[in-house]
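The values are calculated or read from the model by the stated rules, or taken from the named source; none is laboratory data. Small disclaimer: the values here were computed from a predicted structure and weren't measured. Heads up, the Cβs are rebuilt from the backbone with ideal geometry, glycines too, and the neighbour counts pull from every protein chain shown. Each accessible area value is taken on the protein alone, full model and side chains, heavy atoms only, with ligands, DNA and RNA left out. Shrake-Rupley method; radii C 1.70, N 1.55, O 1.52, S 1.80 Å.
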Amino acid sequence: MRKISENRCYGGIQGVYSHQSEACGVEMTFAVYLPPQAEQGPVPVLWYLSGLTCTHENAMTKGGFQCHAARHGVAIVFPDTSPRGDGVADDEAYDLGIGAGFYLNATQGPWEPHFRMYDYVLEELRGLVQESFPVTDRHGITGHSMGGHGALTIALRNPSRYQSLSAFSPIVNPSQSDWGRKQFSAYLGDDEATWAQHDASILLGESGWHGDILIDQGTDDQFIDLLRPQAFAEAASLRRQPTVLRLQKGYDHSYFFVATFAGDHVKWHADRLKAERP
Ligand SMILES: N[C@@H](CCC(=O)N[C@@H](CSC=O)C(=O)NCC(=O)O)C(=O)O
């Protein structure tokens, strides 16, 4: 692992690092915020998965998470959204290829050699964070838009790995959306049966989640028809899944919206990550 930068921030350290990823087959950059409490001992971890076109940097610089993480004593990890660099396939569209990994393992060419963000986030980067930083084995996960899709699908498929779950304006029904169908067809192929494992509304309906889920969604979100929050609400109702879905009046899809509710999400996770183990 290579240190790119470290800056003092709210009494803790905002770091940016890179490493050679086995899962993605390229050098990957990520950011970690360590709160001041990490100087006294290991702290729980919150994963923040970003959306289309983002790197590790967007949420790190615009989300305003650090002050809340410092208050609650939680580390935050900001991974990249796709592999990038020499030999990595791309597409002209902003919503396919670089910056649009959709947190899955591609099975189709030309994506399959590098687009393995599911394994990267769930296994490889988690292992690296766990061994390189003063963190506990209590992990929560959240994300925005495509990153909200990643957070929900990764947690719903791996409930024992995450103790808390939330999302900001997530893509929740990608198999029925133009933010999903095009990408799943490219990355996974045309057999739609393989897509269900990457659709939060389907996964929730099938298996539920062991805790409660917080979702914030702006009512003036310009992409709301692509996100399909109604599908997740229906799945949660049918499943009797404890869920707090807040439709936030007047908010759009931007990082102004994310920053507004960042504190609520960090507290949501901290309360659950620091609770007594059952
Ligand atoms: N360029 C596109 C939309 C790009 C966009 O809005 N990306 C969002 C995430 S959307 C879902 O995953 C984002 O977080 N952008 C980065 C930022 O810093 O705002 C278009 O204009 O249509």
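It is to be established whether one or more residues within segment 174-187 are of a type in the set (Lys, Arg), without any contact (Cβ under 8 Å) to a residue 24 or more places away in the chain and open to solvent by 10 Å² or more (accessible area, probe 1.4 Å).
Taking segment 174-187 as the starting set, the residues that turn out to be of a type in the set (Lys, Arg) are 181-182.
Those still in the list that are without any contact (Cβ under 8 Å) to a residue 24 or more places away in the chain too: 181.
Those left that are additionally open to solvent by 10 Å² or more (accessible area, probe 1.4 Å): 181.
Within segment 174-187, one or more residues are of a type in the set (Lys, Arg), without any contact (Cβ under 8 Å) to a residue 24 or more places away in the chain and open to solvent by 10 Å² or more (accessible area, probe 1.4 Å).
I'm checking my understanding of the structure. Among residues of segment 234-278 that are of a type in the set (S, T, N, Q) and within 16 Å of the ligand (Cβ to nearest atom), which one is least open to solvent (accessible area, probe 1.4 Å)? Write out each step before concluding.
The first filter runs over segment 234-278 and keeps only residues of a type in the set (S, T, N, Q), leaving 237, 241, 243, 248, 254, 260.
When the remaining residues are screened for being within 16 Å of the ligand (Cβ to nearest atom), the result is 254, 260.
Numbers: Ser254: 32, Thr260: 68 Å².
Step by step, filter segment 234-278, then rank; the result is Ser254.
Answer yes or no as to whether Asp80 is assigned to a loop (DSSP other than H, G, I, E, B), among the acidic types (Asp, Glu) and either open to solvent by 10 Å² or more (accessible area, probe 1.4 Å) or away from the ligand (no atom under 16 Å from the Cβ) (or both). Don't jump to the end; show me each part of the working.
On the way: assigned to a loop (DSSP other than H, G, I, E, B): yes; among the acidic types (Asp, Glu): yes; either open to solvent by 10 Å² or more (accessible area, probe 1.4 Å) or away from the ligand (no atom under 16 Å from the Cβ) (or both): no.
Criteria not met by Asp80.
Could you tell me how many of the residues in segment 91-101 are under 21 Å from the mean Cα position of the chain (by Cα) and part of a loop (DSSP other than H, G, I, E, B)? Let's see the steps before the verdict.
Of all residues in segment 91-101, those under 21 Å from the mean Cα position of the chain (by Cα) come to 94-101.
Narrowing the set further to residues that are part of a loop (DSSP other than H, G, I, E, B) leaves 94-96, 98-99, 101.
Number satisfying all stated conditions: 6.
With respect to the numbered conditions (1) surrounded by 13 or more Cβ atoms within 10 Å (Cβ to Cβ); (2) assigned to a helix (DSSP H, G or I); (3) charged (D, E, K, R); (4) within 16 Å of the ligand (Cβ to nearest atom), which one is the sole condition not fulfilled by Asp225?
Condition (1) is where Asp225 drops out.
Considering only residues of segment 115-142 that are within 17 Å of His198 (Cα to Cα) and in contact with a Leu (Cβ under 8 Å, 6 or more places away or on another chain), which is surrounded by the most Cβ atoms within 10 Å (Cβ to Cβ)?
So the residue we want is Thr142.
Consider only pairs whose beta carbons are under 6 Å apart and that are at least six residues apart or on different chains; among these, list those whose first residue lies in segment 24-36 and is closer than 15 Å to Pro113 by Cα and whose second residue is open to solvent by less than 10 Å² (accessible area, probe 1.4 Å).
So the pair list comes out as Cys24/Pro83; Cys24/Tyr120; Val26/Pro83; Glu27/Ser18; Met28/Ser21; Met28/Asp80.
Name the single residue that is nearest to the chain's Cα centre (by Cα) among those in segment 33-63 being in a loop (DSSP other than H, G, I, E, B) and surrounded by 18 or more Cβ atoms within 10 Å (Cβ to Cβ).
We begin by selecting, within segment 33-63, every residue in a loop (DSSP other than H, G, I, E, B); these are 35, 40-42, 50-56, 63.
This time we only want the ones that are surrounded by 18 or more Cβ atoms within 10 Å (Cβ to Cβ), so: 35, 50-52, 54-56, 63.
Working: Pro35: 20, Ser50: 6, Gly51: 8, Leu52: 11, Cys54: 12, Thr55: 12, His56: 11, Gly63: 13 Å.
Once the filter is applied, the top-ranked residue is Ser50.
Does Gly15 fit the bill of being more than 17 Å from Phe168 (Cβ to Cβ), open to solvent by 20 Å² or more (accessible area, probe 1.4 Å) and away from the ligand (no atom under 16 Å from the Cβ)?
Taking the combined requirement at face value, the residue does not satisfy it.
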